[in-house]
Amino acid sequence: MPIHPSAIVATGAVVPESCTVGPFCIVGPNVVLGERCELISHVVLHGHLTMGDDNRVFPFTSLGCSPQDLKYKGEPTKLTIGNGNTFRESITVSRGTVGGGGETTIGDGCLIMAYVHIGHDSHIGNGCILPNGATLAGHVIVEDYAVLSANAPVHQYCTIGAYAYIGGGTTITQDVMPYSLTSVRRENRAFGINKVGLERRGFTPDEIKQLRAAYRLLQGSKLNTSQALETIREKIASGEFGERVGYLADFIAKSERGVIK
């Protein structure tokens, strides 16, 4: 059984010979692992934790930790994980609380990316994807094949319907409909040029003046982006605008996703 000498596997833990326990991992006495699980390094498995087969856990992840609930008094609650899941770096998954049913669950085939937190008494279905920084409060349900995006917090007791997709940075405070694409409105805009930063980088007053004029054409005129670019190109050709504005025009022209104006 490949257990690194620096790992600590408590008496009572069930770790099949097909599993790998890497350097500086800690496996508690009430942990039961399935076949072919891999703890890469610095992984901590707490509490009454049962994990199925073929799970892979990356460094600094903590599974089955105590719930972040002031009412929790050390009761023997559980975390149950299915098969074929990937837990990337620095994830925390809390076990359940007595008041919430006593169990947190994760299904099969999920990808849980770095810095995700799954709160107590939450239930994650099969094939779900939780990208970097997604945060689930307690009692959250994520149904099968739902996908969250980066830095999307979910309020407690919310349900994410099956096959839903949530856009990056979207705060969820109500249930998300199955099959839906749900996202916060993106009203980003550019607020003129970064004058102080450009001065610090040695841009001349004339270069800054030219960039201000170019931005006025892009943002403050009645021209659309293509028309503004055409006007800017004309001014570059005449010598009124220099290479700094030329770079701006080239950047916009090459953009495949469009630019924030």
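The values are calculated or read from the model by the stated rules, or taken from the named source; none is laboratory data. Quick caveat: nothing in here was measured; it's all calculated off a predicted structure. Methodologically, a virtual Cβ is constructed for each residue, glycine included, from the backbone with ideal geometry; neighbour enumeration extends over all protein chains shown. For the accessible areas, the whole protein counts, side chains as well, though only heavy atoms, and no ligand, DNA or RNA atoms are used. Shrake-Rupley method; radii C 1.70, N 1.55, O 1.52, S 1.80 Å.
Points worth noting:
- Residue count, the stretch 35-56 (criterion: of a type outside the set (Val, Ile, Thr), under 27 Å from Gln68 (Cα atoms) and open to solvent by 10 Å² or more (accessible area, probe 1.4 Å)): 8
- Counting the residues of the stretch 35-58 that are part of a loop (DSSP other than H, G, I, E, B) and touching a Cys at 6+ places or on another chain (Cβ under 9 Å) gives 13.
A quick yes/no check of all residues on (1) polar (S, T, N, Q); (2) under 30 Å from Leu130 (Cβ atoms):
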position: Gly168; (1), (2): no, yes
position: Gly197; (1), (2): no, no
position: Ala214; (1), (2): no, no
position: Gln227; (1), (2): yes, no
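- Residue in the stretch 191-212 that is of a type outside the set (Val, Ile, Thr) and in contact with a strand residue (DSSP E or B) (Cβ under 9 Å, 6 or more places away or on another chain) present: no
- Extreme residue, most open to solvent (accessible area, probe 1.4 Å), among residues of the stretch 83-107 that are in a loop (DSSP other than H, G, I, E, B) and closer than 15 Å to Leu33 by Cα: Asn83
- Filtered by the rule that a residue be under 17 Å from the mean Cα position of the chain (by Cα), open to solvent by 20 Å² or more (accessible area, probe 1.4 Å) and not hydrophobic (A, V, I, L, M, F, W, C), the stretch 160-187 gives Tyr165, Gly168, Gly169, Thr171, Thr182, Ser183.
- Qualifying positions in the stretch 63-94 - at pLDDT below 95 and among the hydroxyl-bearing types (Ser, Thr, Tyr): Tyr72
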